[in-house]
Amino acid sequence: MEKGERMPTNGISVTGQLGPHEWSNEETAAYEAAIEAVNGAVGAYSALIAAEENEPEPDAAVIEAARAAQTRLAREREGLRSTDHEQIAAARAHYARLAREVLAGIA
């Protein structure tokens, strides 16, 4: 590779294409919180899958939909940009709410 040329991505991760960026403490904390909110939603879907698999007659459609949601969330997590403060704030609220809703549906 020539100097300045970026490594190709694997179709999901864009981190290899990111340029340098200086983060403030606030940006760092907000971005990490948004990532954790997405991870919490992924975990909620894992709990849903486990609960469904423990049913006497598991519903394959529920499991498939939950796995598809996890894949979608992984892509959405990769799309978060620390410099987009509105996106980060919205993501924190949205994914935290989503995790609560998914977990409430299991109870």
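Every number here is computed from the coordinates shown, using simple stated rules; none is lab data. The structure presented is a predicted model; accordingly, all values stated were derived computationally and were not measured. As a convention, Cβ positions derive from the backbone with ideal geometry for all residues, glycine included, and neighbour counts pool all protein chains shown.
Of the listed peptides 42-51, 75-84, what is their order by residue-averaged count of other C-beta atoms within 10 Å, with the highest listed first?
Final packing ranking: 42-51, 75-84.
Dimensions of region 24-106 along principal axes (Cα, Å, largest first)?
Largest first, region 24-106 extends 50, 20, 15 Å along its Cα principal axes.
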